[in-house]
Ligand code: TRP
């Protein structure tokens, strides 16, 4: 880690398939950060078990996600990419921070309120303290910036509050992180209900496209995507289906909306869908090829996991040792 660069931390849960929403909203943007910042990209498997997971699937999805990080272009020599569960300092710090977080604060978290109302069967304590584990992830590495989507902003605010509270008692132990707002990238919406965000846990598979989906499936999902009863291709919030397709096209071609619109003048929705499917496939196909190669090479992936975990542990332990000392745990 170069000393002069700012630290960025982010993570994705290995629960379910990684969608083009995750890709255009997070992963693709991360690849642009790797030269300018010291980045840690975590596979947050401990967060994933707040919902029941099939063990074999969880293990496979975690490994797939790590391989996908590399396949999209994140260099395992430049970035620290690892499994959260391999670095026990996350859980240790999370416990300590639990004691610096109020029930009232956690009760106000929108995501907890939403998930606990949906997940009536298994409202476990982990679901409630989830944001504290996230705070531990971030604060362990003296993170400056956290690229997060809209839905995680409240958790980042809480992280800042916890860090500030701890620092007020014990001195400057934690860096107070700021959100990182990406310059480009779009919020990709559900294909059938384009007013809600594309989600990998959606029950209707027609709503999302996974990065690893068969190319024909991708083509068909785009073909079936909801538009509207009009004809004109216009980029406006009043036409969420068309807008979403244009966003996917813009992200896939690395061109701004203003740049792509003239090409669609006088064209119909059928043309739009064909263009979107072609552009998306051109973007995804090479990622899928790289993914298959990486996933086959067991020794390569194992070596990356080991080296990166060691680095993460070393950095995390620096902060954790300081925290334990400040609190008064016996040395
Ligand atoms: N909670 C985040 C999500 O569901 C994932 C996450 C866990 C995360 N720890 C993090 C994101 C730390 C940024 C930083 O999207």
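Tabulated data for the structure shown
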quantity: Residue in segment 124-132 that is over 20 Å from residue 13 (Cα atoms) and over 20 Å from the mean Cα position of the chain (by Cα) present; calculated: no
quantity: Verdict on residue 136 being closer than 23 Å to residue 82 by Cβ, assigned to a helix (DSSP H, G or I) and within 17 Å of the chain's Cα centre (by Cα); calculated: yes
quantity: Any hit, segment 158-179, residues being within 15 Å of the chain's Cα centre (by Cα), within 14 Å of the ligand (Cβ to nearest atom), over 19 Å from residue 326 (Cα atoms) and not in a strand (DSSP E or B); calculated: no
quantity: Selection status of residue 55, farther than 27 Å from residue 253 by Cα, modelled with pLDDT of 95 or more and away from the ligand (no atom under 16 Å from the Cβ); calculated: yes
quantity: Failed item in (1) closer than 21 Å to residue 41 by Cβ; (2) without any contact (Cβ under 8 Å) to a residue 40 or more places away in the chain, with residue 186 passing the rest; calculated: (2)
quantity: Residue 80 being buried (at least 20 other Cβ atoms within 10 Å of the Cβ), under 17 Å from the mean Cα position of the chain (by Cα) and over 30 Å from residue 322 (Cβ atoms); calculated: no
quantity: Options 239, 322, 243, 255; residue that is surrounded by fewer than 17 Cβ atoms within 10 Å (Cβ to Cβ), at pLDDT 95 or above and not assigned by TED's automatic domain parsing to the domain that holds residue 64; calculated: 255
quantity: Odd one out for residue 181, checked against (1) exposed (fewer than 14 other Cβ atoms within 10 Å of the Cβ); (2) more than 25 Å from residue 34 (Cα to Cα); (3) without any contact (Cβ under 8 Å) to a residue 40 or more places away in the chain; calculated: (2)
quantity: Selection count where residues are free of Cβ contacts under 8 Å to residues at least 60 places away in the same chain, within 28 Å of residue 329 (Cβ to Cβ) and not in a helix (DSSP H, G or I), scope segment 89-115; calculated: 2
quantity: Scan of segment 306-323 for residues that are without any contact (Cβ under 8 Å) to a residue 60 or more places away in the chain and under 23 Å from residue 100 (Cα atoms), ordered by number; calculated: 318, 321
quantity: Options 166, 208; residue that is under 30 Å from residue 289 (Cβ atoms) and touching a helix residue (DSSP H, G or I) at 6+ places or on another chain (Cβ under 8 Å); calculated: 208
quantity: Residues satisfying the stated conditions in segment 215-253, i.e. in contact (Cβ under 8 Å) with a residue 24 or more places away in the chain and outside any helix (DSSP H, G or I); calculated: 225, 226, 227, 231, 233, 235
quantity: Members of segment 116-157 found to be within 20 Å of residue 197 (Cα to Cα), in contact (Cβ under 8 Å) with a residue 60 or more places away in the chain and within 12 Å of the ligand (Cβ to nearest atom), listed by number; calculated: 147, 148, 149
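The values are calculated or read from the model by the stated rules, or taken from the named source; none is laboratory data. Computed from a predicted model, the values in this text were never measured in an experiment. FYI the Cβ positions are ideal-geometry reconstructions off the backbone, even for glycines, and counts take in every protein chain you see.
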